[in-house]
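Participant: Please see the structure below; I have some questions.
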Amino acid sequence: MTFSGREEAGLLLAGVLREKLNLSDNTLILAIPRGGVPVAFAISTELRFPMSLVIVRKLGLPWNEEAGFGAVDPDGSTYLDQDIVNSAKLDSESIRNIADRELKEIRRRESKFLPSGYPDMENRQVVVVDDGIATGYTAIAACGFAKRRGAKMVAVAVPVCPSDSDLRFKDISDRFICYHRAGEFSFAVGMFYRDFHQLSDDEVMSYIKKASEMGLFEPSV
């Protein structure tokens, strides 16, 4: 399975969401930037539900930032892979320092992408969207944040994931939807896209602008 790009993946995923979730008029699509934004935009335009962003960040090992051991959400709550934390011998001070650094990037992105803040999530169906899942910790952090903001149902929806991803979200989200579950031993989200370029801030802003012009970007209340 290979997607041409993130928007095509979003359109295909929208069809699965329509079929498998009983979505109400009160549904909100929450994109994890940057890669989740075009996926969420395609879902929002296809299903006509409003979208916004949830800005979470991966926590990377001090000697290899690409290797994640968890994630942090906008409230500063951390979600950790305890096995990796233990094997890497990370102490609480090191974890806090890494989380604080990522929180600064969260605040920078919030000021750029969500200057008026997050939309109301109280008693709403929230669908957290990314372009794929590897470890899943950024999506887990997004779910935790949405639940604390009062969402009555939180689903995670991605175009591609490892075949065992359902187990990771069993106690985290109310529903987990994946278009393509991959059985490859060596997994990377980018393997399943012909175009998997890293989006710039300007590209994210262009999606926010397009969604706003279509009445589909939901600001804070």
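Participant: Only Cα pairs under 8 Å and at least 6 apart count here; give the relative contact order of the stretch 1-109 as a rounded whole percent.
Facilitator: Value for the stretch 1-109: 20 percent.
Participant: Compute the convex hull volume of the Cα atoms of the stretch 1-107, divide it by the residue count, and report the result per residue in Å³ as a whole number.
Facilitator: Output value, Cα hull per residue: 144 Å³.
Participant: Could you work out the local net charge near Tyr137, counting Lys and Arg as +1, Asp and Glu as -1, over the other residues with Cβ closer than 13 Å to its Cβ?
Facilitator: -2
Participant: Another question, if that's okay. Going by amide H atoms built from the backbone, whose H comes under 5 Å of the H on Tyr193, apart from near neighbours?
Facilitator: Residues meeting the amide H criterion: Phe3.
Participant: Sorted by average packing, counted as other Cβ atoms within 10 angstrom per residue and highest first, what order do 138-148, 179-189 take?
Facilitator: By packing density, highest mean first, the sequence is 138-148, 179-189.
Participant: Calculate the radius of gyration of the Cα atoms of the chain to one decimal place, then report Dmax, the largest Cα-Cα distance, as a whole number, both in Å.
Facilitator: When restricted to the Cα atoms of the chain, Rg and Dmax are 16.4, 49 Å.
Participant: Hey, another quick one. Which of Asp171, Asp73, Asp120, Asp130 has the fewest other C-beta atoms within 10 Å, and how do the rest follow up to the most?
Facilitator: Sorted ascending by nearby Cβ count, the order is Asp171, Asp120, Asp73, Asp130.
Participant: Provide the percentage of antiparallel DSSP beta bridges, counting only those with both residues in the chain; round to the nearest 5.
Facilitator: Counting only bridges with both partners in the chain, antiparallel ones make up about 25 percent.
Participant: For the stretch 58-111, evaluate the Debye formula with one uniform point scatterer on each Cα (no solvent term) and list log10 I(q)/I(0) at q = 0.13, 0.18, 0.21, 0.26 Å⁻¹, rounded to two decimals.
Facilitator: Once normalised to I(0) and log-transformed, intensities are -0.28, -0.53, -0.70, -1.04.
Participant: Fewest Cβ neighbours within 10 Å first, please rank Met121, Met205, Met51 accordingly.
Facilitator: Met205, Met121, Met51
Participant: Another question about this same structure. In terms of Cα to Cα distance under 29 Å, which lysines are near enough to Lys170, apart from those fewer than 8 places away along the same chain?
Facilitator: Within the straight-line cut-off, Lys170 pairs with Lys20, Lys58, Lys89, Lys147, Lys152.
Participant: I need to check one value: relative contact order of the chain, counting alpha carbon pairs closer than 8 Å and at least 6 residues apart, in percent.
Facilitator: 27
Participant: A further question on this structure: In deg cm²/dmol, rounded to 500, what helix-only [θ] at 222 nm does the chain give when every DSSP H run of at least 4 residues adds -39500 (n - 2.57) and the total is split over its residues?
Facilitator: Taken over the chain, the calculation gives -12000 deg cm²/dmol.
Participant: Sticking with this structure for a sec: By the 4.7 Å beta carbon criterion, which cysteine residues of the chain come out unpaired?
Facilitator: Cysteines of the chain left without a disulfide-compatible partner: Cys143.
Participant: Further question on the same structure: Just to confirm a number: summing +1 for Lys and Arg and -1 for Asp and Glu over residues other than Leu199 whose beta-carbon lies under 10 angstrom from that of Leu199, what do you get?
Facilitator: Value of the local net charge: -2.
Participant: If we count every other residue with Cβ under 12 angstrom of Gly10's Cβ, Lys/Arg +1 and Asp/Glu -1, where does the sum land?
Facilitator: Surrounding charge for Gly10 is -4.
All of the numbers you see were taken from the coordinates with simple rules; none came from a lab. Note that the structure is predicted; figures quoted are calculated from it, not measured. Backbone-built Cβ (ideal geometry, glycine too); neighbour counts: all protein chains shown.
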